[in-house]
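So the structure is just underneath, and the comments pick up after that.
The values are calculated or read from the model by the stated rules, or taken from the named source; none is laboratory data. For clarity, every value in this text was computed on a predicted model and none was experimentally measured. FYI the Cβ positions are ideal-geometry reconstructions off the backbone, even for glycines, and counts take in every protein chain you see.
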Amino acid sequence: MRASYLGALYSLLLLSCTGVSFALGSSSAAVRITQAIDETNLVAAGSTLRLAPGSLDEGLVSDSMPMDHLYLQLKRPAGEEQALESLMRDLTDPNSSRYHQWLTAQELGERFGPASADIDTVLDWLRSAGFKVNGVFKSGLTIDLSGTAGEVRNTFHTEIHRYLVNGSSHIANASAPMIPAALAPVVAGMVSLNNFMPKPQLVKRIKPDFTIKCTGCPDGFNNAELYLVAPADLATIYNVAPLYTAKKPITGKGVSVVVLEDGAIKSSDVSTFRKAFGLSSYSGTFHQIHPGPGCAAPAANGAEGEAALDAEWAGAVAPDADVYLASCSDTTTNFGGFIAAQNLLDSAPPAIMSLSYGNCEADDGPGPNGNGYLNALWQQAAAEGVSVFVSAGDGAAAGCDNFDTAQYAVGGIAANGFASTPYNVAAGGTDFLDAATNTIPKYWKASNAANGGSAKSYIPETPWNDSCAGSVLYEFEGFTGPISFCNSTTGASFLDIIGGSGAPSAVYPKPYWQQGTYGMPNDGARDLPDISLFASNGFWNHAILLCMSDAAQGGVPCNYSNPTDAFFNSAGGTSFTAPQLASIQALIDQKAGGPQGNPNPVYYDLAKSQYGSASKPHEANIAACNSSNGTIGSSACMFHDVTVGTNDVPCYGPVNCYNPNPLTDYGALSTSDKTLKPAFLAHPGWDFTSGLGTLNVTNVVNAWP
């Protein structure tokens, strides 16, 4: 636990107000810039953006256009990176003398960053080109600078153009940025030269054209009553409640959780949410902060619903934890959530961070600048002891298509690049099976308790999938496969790609802690997600409650006794599971007595104790912990193993799409275009639909080393 966290935050806010620049210690790394800078000898340092093709180009922007708080990414010497990787492994190994010996940002830069002389050379080059250097972050890997589009063109040899994409005007670099070859041993490239900002992973409730048919709530799927998940329901379903009533209660007390945003909320919405669901009697506090420098307080915007649910659920499972909404305005090319994260990690790292935004890896940039920045950011967090939870995404296995609007996938199988690094937990999403199996009364009471709870117990789960390619749906409708159903009259109503995301990374190799896990493919890749929780948006009669009352941003009053208000204050998405898992981590941190860094090595060790290994499975545990057992499953299980369903979606085109009749029909996303191999199937052990499964929280907390 970080006892003086609030004071550190106040100091950080003061830092931003006084304009004090970043500090950087002296690195002991060998100097790697050994040649004179020759502006005629250039190499690429980045790439163009696939979202801004030349066909949408509307021309050059003005040379005078400001480009504020650009991030230039540097890279470590190979030997230093290898040494840091060794340390990162030891930091989470209880048998190591370096176990939990977390670094500060300053130590990270001094021990593993580029040589100070090399950084100075890069700074001199930037200043001579006319850029204002706002500072160097303490890790030594990121330089914050401001300039103009003209200075970007003259220095990085790429023009900034406007692009009209889906009716919206954006800017992006028209060619790959270039740097002098002499700088290439140290400079990775610009993190971003475009303003295609990441998407919040919030999915609004299903069927907005509902009619009221029952006393307690509006229609859900198939004209059935909608049962909405409140904090008390989650505590029952995932067995959190025993921790609250233990001899020494585990409620997250003394632990800080930060949700990273680029928007603001009405703080009263958090208070209303906590009061309505019986959480206001706990001591957990809520604060909105704008950690500087370079962090302007954002105005309310279209992401307010995302920010509200993040803030509310980050403290809902651990009601005594202190929640901070850390937000910055987006700059010309920089996402405000990353600005907030970078500044916090430099000066006041919390125990836990949650982010519910995403871009597919290909959109983050194929070079070391885009994905490399994200990798370095979460690596720094883990080195400082911070546990990071990131939404795996809401586009099922089709991570590069727009889940908000796409009826079918065209971009193939892809992962969320914000969640695919080896240093964060990728949070997936499930749905409940009770509606499909006609067993809702078995698991839900007819009326709510005072705290909004009505769940009776754990409920069997399936991968969250709103599409016609989901096996639970097409079997429910009497079809035998996704292609026949998606091309039917009934299936046409379910042409979408909405569902819990999972896919192999195209960037990162498989981390050591995933290797040998039962069910894990031997694909050599970092595979997503890691763990999951319920995330549906009402498709099978269940969604999750939040409070967002700002009418200017589409909010409604948070009067949960009013069916209409309750309905419009419900939603789904892995937006919810990231802050919920962060809140669960606050319980773990309290029980363990301090921050835990990257939780994945422990989660996968616990999974191996339950499932066994790929070569030596624990058959009895695998059978007992099957989610489909429901309440008769083993009470000793730490993970509910989700084995029924798919996160497959309809597709069209040549990429990862099996389609016997491509001229007339939709296909199904597949790992083969010769035969149907759905992307992806739930199966025993780890899988691409829910990772290790969902949690029995009390068992996980008590088993944590």
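Worth a mention:
- Selection over the stretch 582-621 of residues that are of a type in the set (A, V, I, L, M) and closer than 21 Å to Thr517 by Cα gives a count of 5.
- Checked against (1) among the aromatic types (Phe, Trp, Tyr); (2) modelled with pLDDT under 95; (3) more than 24 Å from Gly336 (Cβ to Cβ), Tyr10 meets all criteria but (3).
- One residue from Asp346, Asp310 being buried (at least 24 other Cβ atoms within 10 Å of the Cβ), among the acidic types (Asp, Glu) and closer than 30 Å to Gly452 by Cα: Asp310
- None of Pro231, Pro293 is in contact with a helix residue (DSSP H, G or I) (Cβ under 6 Å, 6 or more places away or on another chain), in contact (Cβ under 8 Å) with a residue 40 or more places away in the chain and not charged (D, E, K, R) except Pro293.
One line per residue, one yes/no per condition, for (1) in a loop (DSSP other than H, G, I, E, B); (2) over 30 Å from Thr332 (Cα atoms); (3) within 23 Å of the chain's Cα centre (by Cα); (4) among the hydrophobic types (A, V, I, L, M, F, W, C):
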{"site": "Ala235", "(1), (2), (3), (4)": "no, yes, yes, yes"}
{"site": "Ile250", "(1), (2), (3), (4)": "yes, yes, no, yes"}
{"site": "Val259", "(1), (2), (3), (4)": "no, no, yes, yes"}
{"site": "Ser268", "(1), (2), (3), (4)": "no, yes, no, no"}
{"site": "Ser280", "(1), (2), (3), (4)": "yes, yes, no, no"}
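- Matching residues in the stretch 619-631 - criterion: being more than 13 Å from Gly693 (Cα to Cα) and in contact (Cβ under 8 Å) with a residue 60 or more places away in the chain: Asn629, Gly630, Thr631
- Of the criteria (1) under 27 Å from Asn424 (Cβ atoms); (2) in contact with a helix residue (DSSP H, G or I) (Cβ under 9 Å, 6 or more places away or on another chain); (3) surrounded by fewer than 17 Cβ atoms within 10 Å (Cβ to Cβ), which one Asp523 fails: (2)
- For Pro662, the stated conditions hold: it is at pLDDT below 95 and either part of a helix (DSSP H, G or I) or not acidic (Asp, Glu) (or both).
- Taken together, the residues in the stretch 595-654 that are over 30 Å from Cys468 (Cα atoms) and assigned to a helix (DSSP H, G or I) amount to 17.
- Options Thr490, Thr480, Thr439: the member that is modelled with pLDDT of 95 or more, surrounded by fewer than 17 Cβ atoms within 10 Å (Cβ to Cβ), over 30 Å from Asn359 (Cβ atoms) and among the polar types (S, T, N, Q): Thr480
- Flag for Thr148 being among the hydroxyl-bearing types (Ser, Thr, Tyr) and in contact with a strand residue (DSSP E or B) (Cβ under 7 Å, 6 or more places away or on another chain): yes
- For Thr40, the conditions (1) in contact with a helix residue (DSSP H, G or I) (Cβ under 9 Å, 6 or more places away or on another chain); (2) over 18 Å from Arg127 (Cα atoms); (3) at pLDDT 95 or above; (4) assigned to a loop (DSSP other than H, G, I, E, B) are fulfilled apart from (1).
- Qualifying residue in the stretch 681-699 (condition: over 25 Å from Val472 (Cβ atoms) and surrounded by fewer than 24 Cβ atoms within 10 Å (Cβ to Cβ)): yes
- Count of the stretch 401-410 residues, restricted to those that are crowded, with 24+ Cβ neighbours inside 10 Å and out of contact with any Leu (no Cβ under 6 Å at 6 or more places or on another chain), is 1.
- Selected residue [of a type outside the set (Val, Ile, Thr), at pLDDT 95 or above and under 16 Å from Ala376 (Cα atoms)] from Arg111, Arg76: Arg111
- The stretch 299-329, residues that are assigned to a loop (DSSP other than H, G, I, E, B) and either under 30 Å from Ile250 (Cβ atoms) or at pLDDT 95 or above (or both): Gly315, Ala316, Val317, Ala318, Pro319, Asp320, Ala321, Cys328, Ser329
- Ser634 fulfils the conditions (1) in contact with a helix residue (DSSP H, G or I) (Cβ under 8 Å, 6 or more places away or on another chain); (2) in contact (Cβ under 8 Å) with a residue 60 or more places away in the chain except for a single criterion, (2).
- In summary, Gln590 fulfils each of the numbered conditions (1) surrounded by fewer than 24 Cβ atoms within 10 Å (Cβ to Cβ); (2) touching a Gly at 6+ places or on another chain (Cβ under 7 Å) with the single exception of condition (1).
- Some residue of the stretch 343-351 being modelled with pLDDT of 95 or more and in contact with a Leu (Cβ under 6 Å, 6 or more places away or on another chain): no
- Asn375, sole failed condition from (1) surrounded by fewer than 24 Cβ atoms within 10 Å (Cβ to Cβ); (2) in contact with a strand residue (DSSP E or B) (Cβ under 7 Å, 6 or more places away or on another chain): (2)
- Selected residue (criterion: surrounded by the fewest Cβ atoms within 10 Å (Cβ to Cβ)) from residues of the stretch 444-477 that are among the hydroxyl-bearing types (Ser, Thr, Tyr) and not in a helix (DSSP H, G or I): Ser447
- Being within 29 Å of Ala506 (Cβ to Cβ) and either in contact (Cβ under 8 Å) with a residue 40 or more places away in the chain or in contact with a strand residue (DSSP E or B) (Cβ under 8 Å, 6 or more places away or on another chain) (or both) holds for only one residue in Gly336, Gly302, and it is Gly336.
- Hey, Thr48 among the polar types (S, T, N, Q) and either modelled with pLDDT of 50 or more or in contact with a Leu (Cβ under 7 Å, 6 or more places away or on another chain) (or both) or not: yes
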